[in-house]
Amino acid sequence: MTRSTVRIAVNGVTGRMGYHQHLVRSLLELRKEGGVDLGDGRRLWPEPVLVGRREPALRSIAERHELPYWATDLDAVLADDTVDVYFDAQATAVRAEALGRAIAAGKHVYTEKPTATGLDSALELVRLARSGGIRHGVVQDKLFLPGLRKLKRLIDAGFFGQILSVRGEFGYWVFEGDWQPAQRPSWNYRGEDGGGITVDMFPHWSYLLESLFGRVTSVMAHAATHVPRRWDERGTPYAATADDAVYAVFEFDGGAVAQINSSWAVRVNRDELVEFQVDGVHGSAVAGLRHCRIQHRTATPRPVWNPDLPGIGNFRDQWQEVPDNQPFEHAFKAQWELFLRHVALGEPYQGDLAAGARGVQLAELGLRSSAEGRRIAVPELTL
């Protein structure tokens, strides 16, 4: 078996997501396995080139993992003809400009979302990538989570019959930063820096809802800043100018409705940090990060509202766990493997920059809906 090297500029590797999920849990794991098996007698060997602004942090990561290539000069990396792919896990506010430079340099691009802070910029990236003939992808990690893959299996098998509604709950309490350090960077709470839970999570809900249930045709949202004062990484108080919670209703082509609450100001009282309940005529399911439980119409109990009588037992106990039935790869690693196969072989890849633009569009319309206090139609994008 022969080995081909693909050199990947990983920008934003000193951040939490860039380091843990993309470098350590994905690219380095693929290297431990000997690279990506292309199925034709070749293996594709990922060679990360670490990119960032903080030289000491980059050097420390490189030494820790015995990676010889790192740089603080992005232009020099993009000018290097041996670099094949540019990956971006930077803060949202600087992402679109860096992606545009990478596309102009002829690099294939793979990126975290949102791809840009506004729809115009996101659409321009699509046009640049298509005219440049490069391959492009956007992270859609939640589609690869075990719980949601089980949910997709149920949908494909026709378990639900006609799907009526989806109810989603996502979030957790992010500490303010004064008496306990915050679990998220402070820029997440400054609108001027590209922060806000709507622009962070609606791109996720866009690809997830579209892939599972169909095109979103309208959105009605209410965004809120529940915690107006926070403390940054240096312990300095600042005003939170971005939303930390958003409550939304989405409609689909087929008439189904999704209601999804997203919040960094909620304490968790559910089995997983994110859960989706899907109700259909023939059955229902509750899917989280790893688990999925079902209740078929033939096993649905007959509750009756009567506060004068005792209940009919623990409702949670009346659901059946969906078995794994197959091994599930780490979500980020699984998508990296698909994207690298797309780069090497041209295999179909649905999570492209156009999908990323639809996520930016949904976030933009969600914030507009909140500001104007009304439901807003989601038009199909002309690309």
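A few notes on this one:
- So residue 315, is it aromatic (Phe, Trp, Tyr) and either buried (at least 18 other Cβ atoms within 10 Å of the Cβ) or assigned by TED's automatic domain parsing to the domain that holds residue 16 (or both): no
- Filter pass, residue 83 being assigned to a strand (DSSP E or B), surrounded by 17 or more Cβ atoms within 10 Å (Cβ to Cβ) and either among the polar types (S, T, N, Q) or on the phi < 0 side of the Ramachandran plot (or both): no
- Whichever residue in the stretch 127-139 is surrounded by fewer than 23 Cβ atoms within 10 Å (Cβ to Cβ) and in contact with a helix residue (DSSP H, G or I) (Cβ under 8 Å, 6 or more places away or on another chain) and, among such residues, is nearest to residue 211 (Cα to Cα): 135
- Complete set of residues in the stretch 327-383 that are of a type in the set (Phe, Trp, Tyr) and assigned to a loop (DSSP other than H, G, I, E, B): 328, 349
- Conditions (1) in contact with a Gly (Cβ under 9 Å, 6 or more places away or on another chain); (2) outside the structural domain of residue 221 (by TED's automatic domain parsing): number failed by residue 346: (1)
- Residue among 195, 254, 171, 158 that alone is more than 22 Å from residue 365 (Cα to Cα) and of a type in the set (Gly, Ala, Ser): 158
- Selection count where residues are buried (at least 19 other Cβ atoms within 10 Å of the Cβ), of a type in the set (Gly, Ala, Ser) and either over 21 Å from residue 27 (Cα atoms) or within 18 Å of the chain's Cα centre (by Cα) (or both), scope the stretch 99-126: 3
- Of all the listed residues (326, 318), the sole one being modelled with pLDDT under 95 and within 29 Å of residue 44 (Cα to Cα) is 326.
- Residue, surrounded by the fewest Cβ atoms within 10 Å (Cβ to Cβ), within the stretch 154-175, restricted to residues that are of a type in the set (D, E, K, R) and in contact (Cβ under 8 Å) with a residue 24 or more places away in the chain: 167
- Given (1) under 25 Å from residue 15 (Cβ atoms); (2) surrounded by 18 or more Cβ atoms within 10 Å (Cβ to Cβ), number of the condition residue 178 does not satisfy: (2)
- Screening 251, 192 for residues that are within 30 Å of residue 158 (Cα to Cα) and among the acidic types (Asp, Glu) leaves exactly one candidate, 251.
- Taking the criterion of being surrounded by fewer than 21 Cβ atoms within 10 Å (Cβ to Cβ) and either of a type in the set (Asp, Glu) or in a helix (DSSP H, G or I) (or both), the residues of the stretch 184-202 that qualify are 186, 187, 191, 192, 193.
- Sole residue being in contact with a Pro (Cβ under 7 Å, 6 or more places away or on another chain) and assigned to a loop (DSSP other than H, G, I, E, B), chosen from 67, 27, 23: 67
- When the strands (runs of 3 or more DSSP E) confined to the stretch 96-176 are screened for residues that are under 27 Å from residue 224 (Cβ atoms), those reaching at least 2 such residues are found at 163-171.
The values are calculated or read from the model by the stated rules, or taken from the named source; none is laboratory data. Small disclaimer: the values here were computed from a predicted structure and weren't measured. All Cβ positions, glycine included, derive from the backbone under ideal geometry; neighbour counts span all protein chains shown.
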